[in-house]
Amino acid sequence: MAGVRVTEVDWHSRKNGAAHHTQEYPGPELVVRRGQVFTLRLELSRPLEDQETIIFTVETGPQASEDCHTKAVFQISEPDVGQNWTAVEEAQTENTMTVSITSPPNAVIGRYLMRTRVSSRRKQNDRKLGEFVLLFNPWCPEDDVFLDSEEERQEYVLNDSGIIFRGVEKHIRAQGWNYGQFEEEILNICLSILDRSPLHQNDPATDVSHRHDPIYVTRAISAMVNSNNDRGVVQGQWQGKYGGGTSPLHWSGSVAILHKWFKGRFKPVKYGQCWVFAGVMCTVLRCLGIATRVVSNFNSAHDTDRNLSVDKYVDSFGRTLEDLTEDSMWNFHVWNESWFARRDLGPSYNGWQVLDATPQEESEGMFRCGPASVTAIREGDVHLAHDGPFVFAEVNADYITWLWHEDESRERVYSDTKKIGRCISTKAVGSDSRVDITGLYKYPEGSRKERQVYRKAVRKLFGVEAPGRRTRVRRAGSRGLWREDLMEPAIKPSVTGKFKMLEPPMLGHDLRLALCLANLTSRAQRVRVNLSGATILYTRRPVAEILHESHTVRLGPEEEKKIPITISYSQYKEDLTEDKKILLAAMCFVTKGEKLLVEKDITLEDFITIKVLGPAVVGVAVVVKVTLVNPLLERVEDCVLMVEGSGLLQGQLSIDVPSLEPQEKASVQFSITPSKSGPRQLQVDLISPHFPDIKGFVVIHVATAK
């Protein structure tokens, strides 16, 4: 009798896709999740005889081997609940057989080749059945990435759009972001990111063998999303100049970035800033099956010397002295959290892990950060892998202001305007609202527990005891030894100061505000006020000075006075960055040598609304109306409206906007034809050479066609 062979395979892509929550991935190849059964139907050249059985071989990566767990050989047998690949016969007719295959919950993820042969007395060559992709499985309790909430799995794995929070602590703004993990070619690109990693280039077989571990995979992706040590995906730029590339604020999602990187033969895409790195990383990790979210930290410390303080040096007008200030405090910083077990640390550190692809500091020779357990950060266990000290400082460092004198002496200045690590935010599960998760990162500011954690972190970092929250541990010189140095906090002055907006700060308009000073004593006082203002980047780096003036104010006993301040549009329009941010500072010199620094970060507001004119149904065109306003007191031309949204339109839509008269309100209408049902996010971006981008988004609930 002739040898039996498999003549055809039906991958049951639709049935397996529904069971594995992978039906949204496009393309013909099967995509399944590890630790979960999937079924195939095999067509045979003849029925199997009693002594014959089918043997499967699956392998991934180069030089695949069973020792490295990148190859498995198994035959149809009884069900086996364990750490091995298994195949079980479900049904058999004359020439067809339905087989259930289960991968182990700790299998290497990636693209696999499957081959079969039939065991018999005759020697037979393996027959290639085809390729399939195996992903992490948050639905499998035995998988390290298991997440025990269906609502959270829907949000953090399957939602292909989201919200990134930006702005300043007192004025947080939501920006829509198209993750698009199910768009054409994105899965293939995400797998190729792993293959382009230096870890893979140096030792491909070993690298692939580690891809069972979410700790290893997420750390590799963290390095590859930025381009600093490799031909990674995005090139960072924080100078406010974006020639030869795209401004970070022009991106509305990850899909265009990933496609450009892939089609450009892995040339880094210009340019990104923190929210772009976080948006791209969220796409990649959700695509690979790891629950991931984007997190924004307001007043975020960048502590370059790891001494748990951000030291800012200013002159007599409160202007930051860039040459002396190595540390910085960004208005906001955006990173990712992914959910998985920490087998290296123990179960108490399972759960959310911080990952940061923004290239800020090197970690073990590469620009990457994490995974750092959020629980470890909250408990002050900064010695644990990976990069705990840096993340701890981002949310816990002290913000210390120094007045630098011409004789190169320095003096501590009181400033109560900034606290590090405020309003740590992420998108809510199942809605567009903002959730404050600061309590996951630290205990309440000033509480006994918070002081205990701070002392513990100091002890873990420097091996010294810190008797109080305000004890500072500082370096003696930039490369000197660590030593304990008790620093008294700056004396709280007898005058308070606060900037107050007199009307909302609108893009294209004059800014009107006041510095409100109050005398807390029963004696008269003189205050000399040096005011400065600058356009800034979101990292608070000054771009250009737009205000420089001095006032002397006499305050009677317990008297309050206001110094009116006007900054005309002409003063700031040439130097305003796309961040639309201005920093005001008032250095106040009070009687008896007291000094007070008052600061205010201003984000200029704009206007855009989006309305869907009718019900949205799959396959049916619907009109969208965008209403926008020219913010300027001058006529503008050459404006373009960019539109994007996964499941709503293919790629990006570009619409020329007619010229707009000064402060004119206008509407633009266009139609979209949704291709997918469910909640879908539509993003619009008004781009103009005359003013920074104006962005908006709307969630459209798309019904299935009847």
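The values are calculated or read from the model by the stated rules, or taken from the named source; none is laboratory data. Treat the numbers as computed from the prediction; the structure is a model and nothing was measured. Please note: Cβ atoms are built from the backbone with ideal geometry, for glycine as well, and neighbour counts cover all protein chains shown. When the accessible area is computed, the model is the full protein with side chains, heavy atoms only, and any ligands, DNA or RNA have been set aside. Shrake-Rupley method; radii C 1.70, N 1.55, O 1.52, S 1.80 Å.
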Burial-style ranking of 260-267, 537-544, 129-136, 327-334, average other-beta-carbon count within 10 Å with highest first, yields 327-334, 129-136, 537-544, 260-267
Using alpha-carbon positions, the gyration tensor of the stretch 140-295 gives root eigenvalues a ≥ b ≥ c; with a/c under 1.5 called rounded, otherwise prolate if a/b exceeds b/c, else oblate, the class is oblate
Once both label points are put 7 Å beyond Cα along the C-beta direction, the His12-Glu560 separation in nm becomes 7.2 nm
One checks the Cα atoms of the stretch 292-401 and finds Rg and Dmax, in Å, of 14.9, 52
Toy charge model, Lys and Arg Cβ at +1, Asp and Glu Cβ at -1: the chain dipole around Cα centroid in debye, rounded to 20, equals 1160 debye
Note to self, the chain gives a 222 nm [θ] from helices alone (DSSP H runs n ≥ 4, -39500 (n - 2.57) apiece, / all residues, nearest 500) of -4000 deg cm²/dmol
Here the alpha-carbon Rg of the stretch 566-706 over 2.2 N^0.38 Å rounds to 1.44
FRET efficiency for Leu502 and Glu49 from the Cβ-Cβ distance with R0 = 60 Å, rounded to 0.05, comes out at 0.10
Tilt, helix 448-462 to longest principal axis of the chain (alpha-carbon atoms), in degrees rounded to tens, equals 80 degrees
Counting only protein heavy atoms and rolling a 1.4 Å probe, one gets per residue an accessible area for the stretch 130-289 in Å² of 32 Å²
1/(1 + (r/R0)^6) with r = Cβ-Cβ of Val618 and Asp344, R0 = 45 Å, i.e. FRET efficiency to nearest 0.05, evaluates to 0.50
Taking the stretch 168-250, the equivalent ellipsoid from its C-alpha gyration tensor has semi-axes in Å, biggest first, of 29, 17, 14
The alpha-carbon center of the stretch 1-66 and that of the stretch 328-380 are separated, in whole Å, by 38 Å
Computed over the stretch 1-114, the relative contact order (Cα-Cα under 8 Å, seq sep at least six) in percent reads 28 percent
In this structure, the FRET efficiency calculated for Glu90 and Glu605 from their beta-carbon separation, with R0 = 51 Å, to the nearest 0.05, is 0.25
Mean separation of Cα contacts under 8 Å (at least 6 apart) over the residue count of the stretch 553-706, i.e. the relative contact order in percent, is 22 percent
Loop-resident trypsin sites (Lys or Arg not before Pro) in the stretch 340-398 with no more than 14 other Cβ atoms inside 10 Å, DSSP not H/G/I/E/B, are Arg343
A chain fully extended from Arg434 to Ala544 at 0.36 nm per residue, minus the present Cα-Cα distance, gains in nm 36.3 nm
Here the alpha-carbon Rg of the chain over 2.2 N^0.38 Å rounds to 1.10
Whole-percent tail of the Cα-Cα distance distribution for the stretch 339-380, cut at 18 Å, equals 32 percent
Relative contact order of the chain (C-alpha contacts under 8 Å, at least 6 apart) in percent is 9 percent
Counting only protein heavy atoms with a 1.4 Å probe and every protein chain in place, the carbon and sulfur fraction of the accessible surface of the stretch 284-358 in whole percent equals 48 percent
The Cα extents of the stretch 14-158 along the principal axes, largest first and rounded to whole Å, are 51, 34, 30
Of the listed links Lys267/Lys676; Lys170/Lys573; Lys562/Lys665; Lys241/Lys427; Lys492/Lys600, those spanning more than 25 angstrom between alpha carbons are Lys267/Lys676; Lys562/Lys665; Lys241/Lys427
